[in-house]
Structure formats: structure tokens, C-alpha cells
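The structure under discussion appears below in the form of C-alpha cells.
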Amino acid sequence: MDLDVVFLGTAASAPTAQRSPTALLVRRGGDRLLFDCAEGTQRQLMRSTIGLPDLEEIFFTHFHADHYLGLPGMLKTFALRQREVSLTLYGPPGLTELYRSLGRIVGRLSYEVQLEELRPGESLEREGYRILVFPVHHGVSAVGYVVAEHERPGEFDADAADALGIPFGPERGALQRGDSITLDDGRVLTPDAVVGTARRGRRIVIPGDTAPVETVRVLAEGADVLIHEATFLEDERERAEDTLHSTAQQAAEIARDARVRLLALTHVSPRYFGPELAREAQEVFEATVVPRDFDVIDVPLPERGEPQLLRRAARPPRKPESDSRSGSDSRVSDLPAASA
């Protein structure tokens, strides 16, 4: 099952020429989970290799404007396309009030919008994984999310199965699924005879905007990817504390203590370009990256390798400049010169 994270917006507070405000898409198989929907998110999707799918779920970490301003435009675009499939919005308490206030802008839609206010400690079950909700520290109603896969069965020991005389066919499949079987000779075999210890599922931790907080470290323990904000460098730590944000060093300390496999820093202030955040964090935790818009983090199964940042993987290749523009100019130049 493929699992990755597409960074649609990596800026803090306001867009820059290179970065859009916060939005990221988690893709697992055919599921598409959008976390935050800042200004311009629908256009970022349209500019990507993904396009604008009929998303079924959008998750908000909190309701500062740089995390939700793209929602009204996206809702209207869906309506203009005559969408009929319902859409569910999730977020901390305050979601219903926010949506009501946006009603004057959004107007009537062609589809149903469902609202679910979430509180820390709740979880949403999905096929093969669940989404956990946890508290963060940002001074407003805010939550973080963990996308956590269920445990997978252990590896099947074919040699042990041969030695036990288990025939090829549905019997082996049943053992792999965790069911016991009865052989023709009357022996009852349980899965532990041929199946190893259960293997952990992958986990992606998305705190959103937050000051350093213990809940993030605990829930990120051994995570495959921690996507943590790094709005400031250490020389601005006092400002980070005042605004309940984090520095790159603080995010790296959490990643180091939680022993995550990869730390991705986002919510980049317009005062920075990115490499300086990476340098500061990597002094504490080497496995740190600072994604740019349209970068992708691929999250393979643990036995197949480490999470990897793929630069511009969601950005279509630039089309080579054709002669169409020069051709247009040539058609003008081929006209007879005007007489004086």
C-alpha cells in the first residue's frame, strides 16, 4: 500500500513568491486526506500532478486564517463542477461557528457538507488505519493528528510451513491472516507456528502550529515522519515563545528524543529561505528536511527503506518553450509595414 505526503503549502502566515501557506495532502492507496486548506490550496492542487480531486475529507488543525482561507474558494469550485458527493470537514471546537460565518461567502452548494468537531483523545477508524486527535499548545482551539496504520501480520515462514506439511493454497493464506487451520491428519495449527511477530504500521504525525509540547514527543515516538512547524530560528526563540510557535532547534530536539525516522520542517516564515532552518535542526537531528511546495515524502514500509524526500515530485515537468510565442510575433512582423 503506497503512502506519501504531498506538500502543497509550506509558508507561515502569508504566501511568498516561492511558498504558499499551509496545506498538505496525505495519500494512502486511494484515500486523499487534506490537512489545512490555506489561501490558494485549490490552485496548488491544480498546478500539481494531482489535479483537484473531489476530496471527501478535510482536516483543520486550528482556525487562524492562514490555515483555512482557501476553503470558501474550494467549496465554490466543487459546486461549479456540480459535485454531488458529500464532503466532511473535521476540526477542533469552533468549526461549526467558522463554517456558519463563511456561509455568506459560500452560499448554496450542490452537495452536502458535514461538520465534525473533534476533541483530543478521539480517533477516526479507516480501513487499515486510524486518525488520532491530540492536544497541542497554540493558545487557541487547536489539535494535531496522527495517521497510524494498523499492525500488519508477521512474515510467513515458508520453510516452516513446508516442514509441517502445510499444503500450498488457502490453508497458508488463512494462517497469514491470523486464523487457525485443521490439516487432513487432524492436526490443528495456529498462526504462530509459521507467522512471525506482528509488524508495526507506519505513522505520520502532524501537530500543526504549536509551541514545543510533550504530547507531540510522546505520540511521535518511533514515528516514520514527524511534520513539525519551525517558524523561527533559535535567535528568535523569545518571539517563538510569545506567539506559541517553535524554533527549528526545538523541533529537532523533539524528533531526536522521539527517535523518529524523518523530521520535516514546515510553516516557514517569510524571513527565511529554508536551508538555514535545516542547518540549525541538523546539528541536533541529522534526519531533517525542509520541504518546498510540491515536494513529496514517500513513506515505504519499514522493511523496504527509509522515508525519502522527493523534490518537486508533485510538480509537472516544465514544458519546453515552443515557437508559438515567437510564431505569433512573426505573424505580426510579416505584415506589410505601415506607410508613413
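Which of VAL188, VAL26, VAL146 moves most in a GNM of the chain, Cα contacts under 10 Å?
VAL188
Please list the non-local residues whose amide H lies under 5 Å from the amide H of GLU57, H modeled 1.01 Å from N, same-chain partners needing a gap of 5 or more.
Residues meeting the amide H criterion: LEU34, THR88.
Quick check: residue separation of LEU109 and GLU234 times 0.36 nm, minus the Cα distance between them. What number comes out in nm?
In short, 40.4 nm is gained.
At 1.4 Å probe size, with every protein chain present, just tell me what the per residue accessible area of the chain comes to in Å².
So the chain comes to 50 Å² accessible per residue, rounded to a whole number.
So for the pair PHE156, GLU283, with labels modelled 7 Å out along Cα→Cβ, what separation do we get in nm?
For PHE156 paired with GLU283, the spin-label model returns 5.2 nm.
What base-10 log of the normalised intensity I(q)/I(0) is obtained for the range 1-51 from the Debye formula, alpha carbons as equal point scatterers, at q = 0.16, 0.19, 0.21, 0.24 Å⁻¹?
Debye curve over Cα of the range 1-51, log10 I(q)/I(0) at q = 0.16, 0.19, 0.21, 0.24 Å⁻¹: -0.43, -0.58, -0.69, -0.86.
How many angstrom lie between the Cα centre of the range 231-248 and the Cα centre of the range 271-316?
Using only Cα atoms, the two centres lie 21 Å from each other.
Which value, in Å³ per residue, describes the convex hull spanned by the Cα atoms of the range 232-287?
Measuring per residue, one finds 75 Å³ for the Cα hull of the range 232-287.
Taking the chain as a Gaussian network, where each spring joins two C-alpha atoms under 10 Å apart, which residue of GLU39, GLU280, GLU125 fluctuates the most?
GLU125
Summarise the long-distance tail of P(r) for the range 147-200 by giving the % of C-alpha pairs beyond 13 Å.
56 percent
Given the range 183-251, report the % of alpha carbon pairs whose separation exceeds 18 Å.
Numbers: 1303 of 2346 pairs.
More than 18 Å apart: 56 percent of the Cα pairs in the range 183-251.
May I ask for the distance between the Cα centers of the range 38-94 and the range 211-230, given as a whole number of Å?
Here the answer is 25 Å between Cα centres.
Pick from ARG312, ARG32, ARG199: which residue has the top mean-square fluctuation in a GNM of the chain where Cα pairs under 10 Å get a spring?
Most flexible of the set in this elastic network: ARG199.
Work out Dmax and Rg for the range 105-202 from the C-alpha atoms and quote the Rg first, both in angstrom.
22.4, 72
With the convex hull built on the Cα atoms of the range 1-151, state its orientation-averaged projected area in nm².
Directional mean of the projected Cα hull area for the range 1-151 stands at 9.2 nm².
Quick one: Karplus J couplings for the range 227-236, per residue in order, coefficients 6.51, -1.76, 1.60, θ = phi - 60°, nearest Hz, x for Gly and Pro?
9, 10, 5, 9, 6, 9, 8, 4, 5, 10
Could you compute how fast the chain diffuses translationally, taking Rh as the Kirkwood radius over C-alpha pairs and applying Stokes-Einstein at 20 °C with viscosity 1.002 mPa s? Give it in µm² per second.
Values: Rh = 22.4 Å.
The diffusion coefficient I find is 96 µm²/s.
Can you list the HN-Hα couplings for the range 30-40, worked out from phi with the Karplus curve (6.51, -1.76, 1.60; θ = phi - 60°), rounded to whole Hz and with x for Gly and Pro?
Per residue, the Karplus-derived 3J(HN,Hα) values read x, 7, 10, 10, 9, 10, 6, 9, 6, 3, x Hz.
Please report the carbon-and-sulfur percent of the accessible area for the chain; probe 1.4 Å, protein heavy atoms only, DNA, RNA and ligands left out.
49 percent
Report, by chain and number, residues whose modeled amide H sits under 5 Å from the one on THR49, excluding near sequence neighbours (fewer than 5 apart, same chain).
HN-HN under 5 Å from THR49: ARG315.
Rounded to the nearest 500, what is the 222 nm mean residue ellipticity of the chain from helices alone, with -39500 (n - 2.57) per DSSP H run of 4+ residues and division by all residues?
Details: 10 runs with 85 residues, N = 340.
That comes out to -7000 deg cm²/dmol.
The values are calculated or read from the model by the stated rules, or taken from the named source; none is laboratory data. Here the structure is a predicted model, which is why all the values come from computation and not from measurement. When we count neighbours, we look across all protein chains shown, and the Cβ atoms used for this are built from the backbone with ideal geometry, even at glycine. Remember, those area values only see protein heavy atoms, side chains included, never the ligands or the DNA or RNA. Shrake-Rupley method; radii C 1.70, N 1.55, O 1.52, S 1.80 Å.
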